[in-house]
Amino acid sequence: MSSNETPRGPVDSSRIPRYAGPATFARLPRLDEVGRADVAVVGVPFDSGVSYRPGARFGGNAIREASRLLRPYNPAQDASPFALAQVADGGDIAVNPFDINEAVETVEAAADDLLGTGARLMTLGGDHTIALPLLRAVAKKHGPVALLHFDAHLDTWDTYFGAEYTHGTPFRRAVEEGILDTSALSHVGTRGPLYGRKDLDDDEKMGFGIVTSADVMRRGVDEVADQLRQRVGDRPLYISIDIDCLDPAHAPGTGTPEAGGMTSRELLEILRGLASCNLVSADVVEVAPAYDHAEITSVAASHTAYELTTIMSRQIAEARAQ
Ligand SMILES: N=C(N)NCCCC(=O)O
Ligand SMILES: [Zn+2]
Ligand SMILES: [Zn+2]
């Protein structure tokens, strides 16, 4: 879309029932219907990197289904994200479920292609393994990026069963590869048992700060968002959201749930507090609908992706206006 074209928005749910027709994210047009997008929403049906319950390969489509109820105006950010920029659903990246190395390469290549069109990426579903190839692609474009990683887990472990590419190891690999700006890294929502104290020591050496779920509760969302904003500054920022950052009460449909997590309200409010950051791409991973009830998890994930796309659309519109 060039700057003088009006973005094509979602199907009007006051005219066509929102439960009718195939699901795209927020009932937006498909990418092939609009040619190119400022924000491409893409599913990644991959879960061969999990260490416990499988099922995140179905996350992207569950989030699309739950996103039928999203409406075009976001009052929390005073913005109509799909009118400010062209947001479109780019479908799924077809990854090999039997070969993790090949899957990682496929995700990176698909992300390269989409970023090469000038789009920012909002990926849906998959297990956390996919953050590594997505970060590789983003870093090729922007250089090493700041990372805010919302998760119960550190995901900076080394290997599982000798495997380097798993959902517990993407951010150690990313630090090793030099694709993260190690002066601006933070986990948010961390909690639960670890393998040993060394997990935390290693993580700190890699440059990560930690805001635990208990910190969010004690200090409150505004103070946490302020601190994260300061840490990130105006660096290009990637936000990776493992839905298990939420308490299992707010996100039961996930593969490695841990008690004592954030509420969906806390997560959404922290994200809104990051609206001024230079968000270049984001993911929402680890939604495993087979363990969900009443779409609790996929509704939370769809609203999370909505806040993230709103941040990106606002920034695209602001940059155009300058
Ligand atoms: N990235 C997620 N969701 N979980 C990582 C858990 C790794 C483990 O089994 O210790
Ligand atoms: Zn996790
Ligand atoms: Zn994770």
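The values are calculated or read from the model by the stated rules, or taken from the named source; none is laboratory data. Note that this is a predicted model, so its numbers are computed, not measured. Here the Cβ positions follow ideal geometry from the backbone for every residue, glycine too, while neighbour counts run over all protein chains shown.
Assorted remarks:
- If you go through segment 139-164 and keep only what is over 18 Å from the mean Cα position of the chain (by Cα) and either within 16 Å of ligand 2 (Cβ to nearest atom) or of a type in the set (Asp, Glu) (or both), you end up with 157, 158, 160, 164.
- Residue 111 being under 18 Å from residue 284 (Cβ atoms), more than 16 Å from ligand 1 (Cβ to nearest atom) and touching a Leu at 6+ places or on another chain (Cβ under 7 Å): yes
- Subset of segment 291-304 (residues that are in a helix (DSSP H, G or I), away from ligand 1 (no atom under 15 Å from the Cβ) and over 18 Å from residue 72 (Cα atoms)): 296, 298
- Residues being in a helix (DSSP H, G or I), more than 16 Å from ligand 1 (Cβ to nearest atom) and out of contact with any Ser or Thr (no Cβ under 8 Å at 6 or more places or on another chain) - total across segment 138-184: 5
- Pick from segment 124-135, criterion more than 15 Å from ligand 2 (Cβ to nearest atom) and farther than 13 Å from residue 280 by Cα, ranking: surrounded by the fewest Cβ atoms within 10 Å (Cβ to Cβ): 133
- Qualifying residue in segment 182-202 (condition: farther than 19 Å from residue 93 by Cβ and in contact with a Lys or Arg (Cβ under 7 Å, 6 or more places away or on another chain)): yes
- Number of positions in segment 161-174 that are surrounded by fewer than 20 Cβ atoms within 10 Å (Cβ to Cβ) and more than 22 Å from residue 288 (Cβ to Cβ): 2
- Residue within segment 58-79 that is in contact with a His (Cβ under 8 Å, 6 or more places away or on another chain) and of a type in the set (A, V, I, L, M) present: yes
- The C-beta contact set for segment 237-251 (first residue away from ligand 2 (no atom under 12 Å from the Cβ), second residue assigned to a strand (DSSP E or B), distance under 6 angstrom, 6+ apart or interchain) comprises 237/146; 237/278; 237/279; 238/145; 238/147; 238/281; 239/148; 239/282.
- Every residue from segment 296-322 that is of a type in the set (Asp, Glu) and touching a Pro at 6+ places or on another chain (Cβ under 8 Å): none
- Residue check for residue 50: under 19 Å from the mean Cα position of the chain (by Cα), assigned to a strand (DSSP E or B) and modelled with pLDDT of 95 or more: no
- Residue under evaluation residue 253, criteria (1) farther than 19 Å from residue 126 by Cβ; (2) surrounded by 21 or more Cβ atoms within 10 Å (Cβ to Cβ), criterion not met: (1)
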